[in-house]
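Peer 1: Got a structure for you, written out below as structure tokens; questions coming shortly.
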């Protein structure tokens with residue numbers, strides 16, 4: 001049975017790592033389509049994980065999830081058990097294998113209705129920014145034609161660094177995602193990310 005929609009189009013949270021939204025898009029290259037997936041934290045709109053592949057299979061979306069979990073652990077902002085992982089009803093996300101992966105990671109699966117982009121609008125918005133700001137012809141993140149998956153990976157890495165650390169977001173009072181998250185941790189009682197006590201807890 002498919003997971004329910006736990007967000008019900010509520011795309012704001014009061015803290016990091018309460019809910020992520022995820023989706024993927026395609027980028028044309030000289031050698032064919034490259035699929036690029038994203039995991040986005042609803043608190044800060046930070047892109048916390050991504051993956052690129054020439055095949056849109058379950059392993060591709062799992063790679064995005066695993067990168068996101070690894071990055072959160074290694075920046076001292078680990079994901080708590082029960083965090084909501086929201087996606088559309090694509091076959092990769094509804095597969096038995098991916099459902100089991102979410103369960104093994106202690107995450108709560110959430111899936112929107114079939115064919116309704118509004119159920120995953122936050123992810124669609126971020127992907128729209130990526131396509132317009134990074135992939136489009138004339139983008140400052142492009143150094144020439146996109147020939148292979150390596151070109152797309154380089155473009156994506158550079159864009160995500162700018163997006164998370166330099167791009168100002170109106171939803172965040174014109175702060176960057178990183179500034180917004182750091183402000184949360186700076187004002188949260190108890191040990192913050194990177195503290196020795198936080199790592200040993």
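Peer 1: Are there any strands (runs of 3 or more DSSP E) wholly within the range 46-157 with 1 or more residues that are closer than 25 Å to residue 5 by Cα and without any contact (Cβ under 8 Å) to a residue 60 or more places away in the chain, and if so which?
Peer 2: Numbers: elements: 47-53, 84-87, 108-111.
Result: 47-53.
Peer 1: Would the range 171-183 turn up any residue that is exposed (fewer than 14 other Cβ atoms within 10 Å of the Cβ), out of contact with any helix residue (DSSP H, G or I) (no Cβ under 6 Å at 6 or more places or on another chain) and part of a helix (DSSP H, G or I)?
Peer 2: Checked against the condition, which is being exposed (fewer than 14 other Cβ atoms within 10 Å of the Cβ), out of contact with any helix residue (DSSP H, G or I) (no Cβ under 6 Å at 6 or more places or on another chain) and part of a helix (DSSP H, G or I), the range 171-183 yields no hits at all.
Peer 1: Out of the residues in the range 66-95 that are out of contact with any helix residue (DSSP H, G or I) (no Cβ under 9 Å at 6 or more places or on another chain) and surrounded by fewer than 16 Cβ atoms within 10 Å (Cβ to Cβ), state the one that is nearest to residue 56 (Cα to Cα).
Peer 2: This residue is 70.
Peer 1: Of all residues in the range 89-115, which are under 18 Å from residue 18 (Cα atoms) and at pLDDT below 95?
Peer 2: 112
The values are calculated or read from the model by the stated rules, or taken from the named source; none is laboratory data. None of the values given here were measured: they were computed from a predicted structure. Positions of Cβ are generated from backbone atoms using ideal geometry, with glycine treated the same way; all protein chains shown enter the neighbour counts.
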